[in-house]
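Accompanying notes for the structure given below.
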Ligand SMILES: Cc1ncc(COP(=O)(O)O)c(C=O)c1O
C-alpha cells in the first residue's frame, strides 16, 4: 500500500469511511457505484443515501465479473479482492489485471475493502491492489476484525486528488474520530503489540477453523466448504433442495446463530443453498457440539420441506 501520511484519513469504522468516500465521489460528479453481489446489503443503502445509484455485479469463483463491470457504466466500484465478503473467493490474477485496465480506461475509482487480510492461514499473502494504482484506488482497512468492532477505528488511504474533499466530508460528519482511542492504538502499534496479537490470534483462529472443517466433514459430509484460506468465517454450500431460511430457523431453535447467503444476495438470482458459519468467537471445545447442532438443523429443515 502506498500510504504516506498525507493520504491517510482515520474514520469511525469502515462503515463511516464508505459513506464519506461516496459523498466525496458525488461531489466530483459520480453517478453510479458498482458493488459485489453478494455483499452486505447495508453497503447498498449507504451508497444510495449518498446519492449514487448502486449497481450490483455478480461474483463468481474468480471474484467480481470485471466484464460486467465494464458494461455497467459505473463511475466507481467497491470490492473485497483479497477475500470476498461473504463468499471468500480471491480476485484472480487475470481479473486484477482487467480491473486495473478498466479503472485506467474509464477513469473510475475503486474502493479496496481489505477488512480481514490480516487473517490468512494457508495461502500466500495477496498484495493490495492499491499499490498498483494509488491515484485510482482507495485502500480501506479496519481494526474491527483484528481487535474489536466496538473500537470503531478504521483508515482510508486516498488518491491525492480526493484528499481535500474527503477531509472536509469527515470533518462535517463528526469533526474527527475519537483521539484517545487513536493514541492508544498508535501506542499499541509502535510497541509491536499489534503484530504480536495478530501472530497469536492467527494460530488460535486457524485451530478453530481446522476444528470447524473436521466437524463439518464428519457431521455434514454432503456439504462443500468454501472461502476458508482466510478470514473468520466459512461458506458452507449444501446440495440442491435445501432451504436456507428453514435451516436458519431450525438453527435458531437450537441456539445457533448462522446466516443464510440470501441475506447477502442483492439481486433476485438464487444460487446454491449456502450458510455462513463464523468461528471467531466460538471456543474450541464448543465447535464440534455446535456443528452437530447445525447438522441437526439441516436435517430437521429437510424433513419439514
Ligand atoms: C466486508 C466488510 N468490510 C468492512 C467491515 C468492517 O466494518 P467496520 O470497520 O465499520 O466495523 C466488515 C465487518 O466487520 C465487513 O464485513
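Values in this text are rule-based calculations from the coordinates and carry no lab data. As the structure is a computational prediction, the values presented were derived from the model and not from experiment. All Cβ positions, even for glycine, are placed from backbone atoms using ideal geometry, and neighbour counts span all protein chains on display.
Relative contact order for the range 119-264 using alpha-carbon pairs under 8 Å, separation at least 6, rounded to a whole percent?
Reported as a whole number, the value is 19 percent.
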Dmax and Rg, reported as Rg then Dmax, of the range 87-202 (C-alpha, Å): 16.2, 43
Relative contact order (%) - criterion: Cα under 8 Å, at least six apart; region: the chain: 19
DSSP beta bridge pairing in the chain, given as percent antiparallel to the nearest 5: 55
Residue among 219, 94, 118 with the largest mean-square fluctuation in a Gaussian network model of the chain, springs linking Cα atoms under 10 Å: 94
Cα point-scatterer Debye curve for the range 198-299, base-10 log of I(q)/I(0) at q = 0.12, 0.17, 0.20, 0.22 Å⁻¹: -0.37, -0.74, -1.01, -1.19
Kirkwood Rh, angstrom, the chain [1 / mean 1/r, Cα pairs]: 20.4
Selected from 273, 159, 285 as most flexible by GNM, with the chain as the system and alpha-carbon contacts under 10 Å: 285
Alpha-carbon spread of the range 1-65, three principal axes, descending order, Å: 36, 27, 21
Difference of contour (0.36 nm per residue) and Cα-Cα distance, residue 206 to residue 42: 56.2 nm
Rh (Kirkwood; distinct C-alpha pairs) - the range 144-206, Å: 13.8
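If each residue's Cβ is checked for other Cβ atoms within 10 Å, how do 170, 145 rank with the fewest at the top?
145, 170
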Residue order, fewest to most surrounding Cβ atoms within 10 angstrom, among 235, 165, 269: 269, 165, 235
The chain: calculated mean residue ellipticity at 222 nm from DSSP helix runs of at least 4, using -39500 (n - 2.57): -13500 deg cm²/dmol
For the range 206-305: relative contact order, % (alpha-carbon pairs under 8 angstrom, 6 or more apart): 37
92, 72 arranged by Cβ crowding within 10 Å, fewest neighbours leading: 92, 72
Highest-MSF residue in the chain out of 64, 247, 282 [GNM, Cα springs under 10 Å]: 282
The range 244-305 versus the range 181-195: alpha-carbon centroid distance in Å: 37
